[in-house]
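Note sheet for the following structure.
The values are calculated or read from the model by the stated rules, or taken from the named source; none is laboratory data. Note that this is a predicted model, so its numbers are computed, not measured. No Cβ is skipped: glycine too gets one built from the backbone with ideal geometry, and neighbour counts run over all protein chains shown. Just the protein is used for accessible areas: all its heavy atoms, side chains included, with ligands, DNA and RNA removed. Shrake-Rupley method; radii C 1.70, N 1.55, O 1.52, S 1.80 Å.
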Amino acid sequence: MTEILFYHMQRQPLEQVLPSLLEKSLERQWRVAVQATSEERLQALDDHLWIFSDESFLPHGTDRDPDCATQPVVLTLRDVNPNAASIRFLVEGAALPDDAAEYQRICILFDGTDQDALLHAREQWRGAKEAGHSVAYWQQDERGRWQKKA
């Protein structure tokens, strides 16, 4: 059974939240896929992951790269697992993949200040529960730390 974690972003944007979650995934030796829904977001994330910190960068590629299967983190617009990832991050309202059960964990990151994103995340929560996945809801506290709420 896949563990599906919902991250309700209220205090920090995706560009701040995603890199730290990716770093934690890599520390666990997990291969990662990140799915967006627009070319603009994919390109912005691709650019950002190289420069998000003065101290480090996140090694990654996109599924258009010929060597994407060897990358620890792959950014994609498609419902595929290009690098045999064990964890998948869904951003911009990307849908649960058809092969959701093949992942150890799926993380759905959504903007809690966007009513449409919030409603979509609620639909995804219901769908994930109905499909028998283990679900958890995480929300940022006033200091920006993640607290498990459900």
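Annotations for the structure displayed:
- Restricting the trypsin sites (Lys or Arg not before Pro) of segment 15-111 to loop positions (DSSP other than H, G, I, E, B) with no more than 16 neighbouring Cβ atoms within 10 Å leaves Arg28, Arg64, Arg78.
- Accessible surface area normalised per residue over the chain is 53 Å², counting heavy atoms of protein chains with a 1.4 Å rolling probe.
- Overall dimensions of segment 3-148 as given by Cα atoms, namely Rg and Dmax in Å: 14.4, 43
- The chain: relative contact order in percent, alpha carbon pairs under 8 Å with at least 6 residues between: 35 percent
- Prolate/oblate/rounded label for segment 12-58 (Cα gyration tensor, a/c 1.5): oblate
- Other-chain or far-sequence residues with amide H under 5 Å of Ile4's (modelled H): Ile106, Ser134, Val135, Ala136
- Loop sites in segment 1-89: GluC sites (Glu not before Pro), DSSP, at most 14 other Cβ within 10 Å: Glu55
- Distance between the 7 Å Cα→Cβ label points at Ser38 and Gln12: 2.3 nm.
- Cα-based Rg / Dmax (Å) for segment 1-87: 12.6, 38
- Label sites at Arg143 and Arg64, each approximated as a point 7 angstrom past Cα along Cα to Cβ, lie 4.2 nm apart.
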